[in-house]
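> Submitted below is the structure of interest, expressed as structure tokens.
What follows is calculated from the coordinates using simple rules that are stated; it is not laboratory data. Predicted model, so just to flag it, every value in this text is computed and none were measured. Ideal geometry is used to build each Cβ from the backbone, glycine not excepted, and the neighbour counts take in all protein chains shown.
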Amino acid sequence: MTADSPEARLAELNIELPAVRTPAGTFVHAVRAGSLLFVGGHLPWRADGTLVQGKLGAELDVEAGHEAAQLAALSALATIRAELGSLDKVLRIAKLNGVVNSTPGFMQHTQVINGASDPFVAVFGYRGQHARLAVGVSSLPFNLALEIELVAEIAAE
Amino acid sequence: MTADSPEARLAELNIELPAVRTPAGTFVHAVRAGSLLFVGGHLPWRADGTLVQGKLGAELDVEAGHEAAQLAALSALATIRAELGSLDKVLRIAKLNGVVNSTPGFMQHTQVINGASDPFVAVFGYRGQHARLAVGVSSLPFNLALEIELVAEIAAE
Amino acid sequence: MTADSPEARLAELNIELPAVRTPAGTFVHAVRAGSLLFVGGHLPWRADGTLVQGKLGAELDVEAGHEAAQLAALSALATIRAELGSLDKVLRIAKLNGVVNSTPGFMQHTQVINGASDPFVAVFGYRGQHARLAVGVSSLPFNLALEIELVAEIAAE
């Protein structure tokens with residue numbers, strides 16, 4: 001673990017990753033395929049074990065959505081560490097998708113999903129900079145506020 | 001074809017794959033890129049050549065959606081076999097996405113898309129376990145009930 | 001640059017690619033991971049620097065959507081060239097996703113997103129044929145008409 005290791009940066013930032021939750025359906029949180037790690041949909045779990053639920057543009061405002069996106073990012077980071085043993089094995093966060101449960105008139109998906117993107121840049125530096133798609137969807141499982149998913153490039157074993 | 005081959009398992013399960021349909025637009029069903037097979041959106045074709053259409057939460061209930069997801073999975077399996085010559089060439093189903101045509105209040109995407117995930121586990125065993133994202137969308141082409149897409153890791157030629 | 005080079009074909013077709021825009025959020029336009037290029041959500045920029053905004057099925061008809069999809073494709077092509085130095089480095093457009101801002105009753109996503117697919121085939125020939133998913137979403141950032149994203153396989157350096 002060198003001075004610029006993501007694990008070291010996480011510790012400096014005093015970020016504690018949440019526990020990895022049991023998947024809610026017949027799937028797994030992440031799958032490694034060659035040099036890629038496919039990380040499935042991750043949920044905005046609060047530290048108290050509740051989920052951020054509701055629609056952006058209705059019950060939730062942009063600030064609440066931004067916070068939910070941060071929580072989903074921490075949840076995804078926890079999965080990556082659990083899969084690889086250490087965040088230091090990540091070469092690059094390649095692609096991140098954010099799906100925002102929102103009303104038809106909502107337009108601020110970018111600000112909301114920045115809440116998910118920023119922690120990756122904070123922890124991985126330029127290796128955390130990713131291509132992205134942020135969209136508004138009409139409904140999500142459990143009325144979740146949002147979900148994020150990503151593809152990471154990882155170091156050979 | 002060994003005892004644990006996906007093709008053998010498919011035969012044991014008495015699952016017959018449907019014919020591969022002509023794409024409805026200017027695209028192809030799947031593309032191989034190195035060790036990955038990108039399988040595009042697949043539709044819930046019934047055996048009689050009709051499509052499952054309508055919105056979850058309105059005309060369709062969870063059971064109907066679950067069945068539509070199974071049909072879309074069989075359609076995707078047919079494409080994989082057609083692309084690779086045999087399902088036995090699949091090393092892993094890495095990622096599956098399910099998009100569910102649903103009303104703004106719908107929340108049971110997980111149960112619906114389990115109908116797509118389960119056949120992959122039944123046929124490929126642990127190699128069929130995948131990362132996943134299931135979302136609700138406000139509309140789909142032809143008013144389809146849902147679509148699924150996936151990425152598989154495949155054996156070198 | 002050989003006779004069948006994508007760059008040559010682009011010139012023959014008199015297509016001029018737009019300038020690459022600054023990303024609107026904390027992300028980048030594309031990331032290379034091994035032999036894959038992940039190209040994030042691209043927007044329908046008009047030549048005059050305005051965006052195509054509005055919902056399909058409401059303010060926009062299929063023709064306007066088709067044109068918006070073409071514009072988003074040109075925007076993505078500009079990013080690919082900027083990333084790789086030349087479109088000739090693309091081995092294959094593997095996967096394209098189109099998300100269409102649309103009303104719940106909209107059903108013609110296929111025709112709309114053909115507007116994004118066709119330029120890739122025109123420029124890359126069979127190497128431009130891709131797997132695809134086209135969906136309708138209830139809202140997009142800035143009330144955009146649509147976005148496209150893609151994964152390309154690229155030549156080794």
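> Report, to the nearest 10°, how far helix A:62-84 tilts away from the longest principal axis of the Cα atoms in chain A, using its own Cα long axis and a range of 0 to 90°.
30
> Farthest toward the dipole's positive end in the protein assembly as shown, which of A:LEU36, A:LEU146, B:SER102, given Cβ charges of +1 (Lys, Arg) and -1 (Asp, Glu) about the Cα centre?
Most positive-ward Cα: A:LEU36.
> Moving on to the next point. I want to check the label-to-label distance for B:TYR126 and A:THR103. Put each point 7 Å from Cα in the C-beta direction and report it in nm to one decimal.
4.8
> At 222 nm, what value in deg cm²/dmol follows for chain A if DSSP H runs of at least 4 each add -39500 (n - 2.57) and the sum is divided by all its residues, to the nearest 500? Can you show the working numbers first?
On the way: 3 runs with 46 residues, N = 157.
Calculated mean residue ellipticity at 222 nm is -9500 deg cm²/dmol.
> Which value in nm describes the separation of the simple spin-label points at B:ARG46 and C:ALA156, placed 7 Å from the Cα toward the beta carbon?
Label at B:ARG46, label at C:ALA156, 5.1 nm between them.
> Taking the Cα atoms only, what angle lies between the long axis of helix B:109-124 and the longest principal axis of chain B, rounded to 10 degrees?
For B:109-124 against chain B, the angle is about 10 degrees.
> Something else about it: With a Cα-only, solvent-free Debye model of the protein assembly as shown, what are the log10 I(q)/I(0) values at q = 0.06, 0.07 Å⁻¹?
-0.23, -0.32
> Also, I was wondering about something else. What are the lysines whose alpha-carbon lies under 16 Å from the alpha-carbon of C:LYS95, with same-chain residues fewer than 8 places away excluded?
A:LYS95, B:LYS95
> While we're here: Work out, in µm²/s and without decimals, the Stokes-Einstein translational diffusion coefficient of the range B:41-157 at 4 °C, 1.567 mPa s, Rh from Kirkwood over C-alpha pairs.
So the translational diffusion coefficient is about 92 µm²/s.
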